[in-house]
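The values are calculated or read from the model by the stated rules, or taken from the named source; none is laboratory data. This one's a predicted model, so the numbers in the text were calculated from it and none came from an experiment. Positions of Cβ are generated from backbone atoms using ideal geometry, with glycine treated the same way; all protein chains shown enter the neighbour counts. SASA here: full protein model, heavy atoms, side chains in, ligands and nucleic acids out. Shrake-Rupley method; radii C 1.70, N 1.55, O 1.52, S 1.80 Å.
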Amino acid sequence: IHSKFEGYIEHTFANFVGQYVKKGDPLFSIYSPELLATQKEFLLALKMRDESPALEAQMVSSGTNLVESARQRLQLLDVSDGEINQVEKTRQPIKALLFYSPYSGFVTAKMASHGVKVSPNDALYDITDLSAVWVIADVYEDSLALIREGQPAEVSLTFIPGRKWRGRISYLFPMLDEKTRTAKIRLE
């Protein structure tokens, strides 16, 4: 998860590695002068539309809709529709906007914390969906002739006796380890 602008983390909601988040759960709130300015442009466009419907109709007919352009800029910065609607309804900018998880999964890395300055280069969270996982396995060279991509495979772990996971071989690595005489395969 990255921000598309510079800003300061105000609050975090996904607070630790290993925490499960659902799609749409809040991750953090952020203050950004750029976001605040874009909200003010949106409010100014709304004010112009309300005070001068004739001017707005003329701009729409010429292909320039300031309200929709400002709304789209906010959407492109990943501001939620709910918060855009709140700004439109209250006619007040929101100082620290919430950002929500785009998918469900486990927090596997968290770099966001209160007061930290962030930029688009900064990774704030890594969220991993574990509904599908890869297993990298070693296969001895004398068994490689029996292995094909797409073949069904079964994995069991010694620390979870009796449990088996089923998947398919999705990739055969094209190298052979000269010391162990094994090749790696990827199971999904």
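With θ set to phi - 60° and the Karplus curve 6.51 cos²θ - 1.76 cosθ + 1.60, what are the ³J(HN,Hα) couplings of the range 176-188 in order, to the nearest whole Hz, using x for Gly and Pro?
10, 6, 5, 7, 9, 6, 10, 10, 9, 10, 10, 10, 10
Go ahead and run the numbers for FRET between ILE147 and ASP81, Cβ-Cβ distance against an R0 of 35 Å, rounding to 0.05.
With R0 = 35 Å, the Cβ-Cβ based efficiency is 0.10.
Just to make sure I understand: if all protein chains stay in place, what is the order of VAL135, VAL67 by accessible area at 1.4 Å, largest first?
VAL135, VAL67
List the aspartates and glutamates whose Cα lies under 18 Å from the Cα of LYS184, skipping any in the same chain that are fewer than 8 positions away.
List returned: ASP138, GLU141, ASP142, GLU149, GLU154.
7 Å from Cα along Cα→Cβ at both LYS4 and ASP126: what's the point-to-point distance in nm?
Computed distance between label sites LYS4 and ASP126 equals 2.4 nm.
What accessible area per residue, rounded to a whole number of Å², is obtained for the chain using a probe radius of 1.4 Å?
64 Å²
Would you mind checking the pairs LYS22/LYS47; LYS95/LYS117; LYS47/LYS95; LYS40/LYS117 and listing those with alpha carbons more than 26 angstrom apart?
Those over the limit are LYS22/LYS47.
Which residues in the range 94-138 have a backbone N closer than 19 Å to a point placed 7 Å from the Cα of TYR171 along the Cα-to-Cβ line?
The answer is 128-138, whose backbone nitrogens lie closer than 19 Å to the label point.
Can you list residues whose amide H is under 5 Å from VAL118's amide H, if they're 5+ apart or on another chain and H is modeled 1.01 Å from N?
GLY7, TYR8, ILE9
Helix 66-76 versus the longest principal axis of the chain: what is the Cα-based angle in degrees, 0 to 90, to the nearest 10?
Relative to the chain, helix 66-76 is tipped by roughly 20 degrees.
Considering only protein heavy atoms and a probe of 1.4 Å, how much of the accessible area of the range 77-178 is carbon and sulfur, as a whole percent?
Carbon with sulfur: 55 percent of the solvent-accessible area.
Label points 7 Å out from Cα along the Cβ direction at GLU41 and ASP138: separation in nm?
The modelled label-to-label distance comes out at 5.7 nm.
From the mean inverse distance of alpha carbon pairs (Kirkwood) and the Cα radius of gyration, derive Rg over Rh for the range 65-154.
My calculation of the ratio gives 1.25.
Can you give the extra length, in nm with one decimal, that the chain gains between HIS114 and TYR31 once fully stretched, where that is 0.36 nm per residue apart less the Cα-Cα distance?
28.8 nm
Can you work out ³J(HN,Hα) from phi for every residue in the range 24-30, in order, using Karplus 6.51 cos²θ - 1.76 cosθ + 1.60 and θ = phi - 60°, giving whole Hz and x for Gly and Pro?
For the range 24-30, the Karplus curve yields x, 6, x, 9, 7, 10, 9 Hz.
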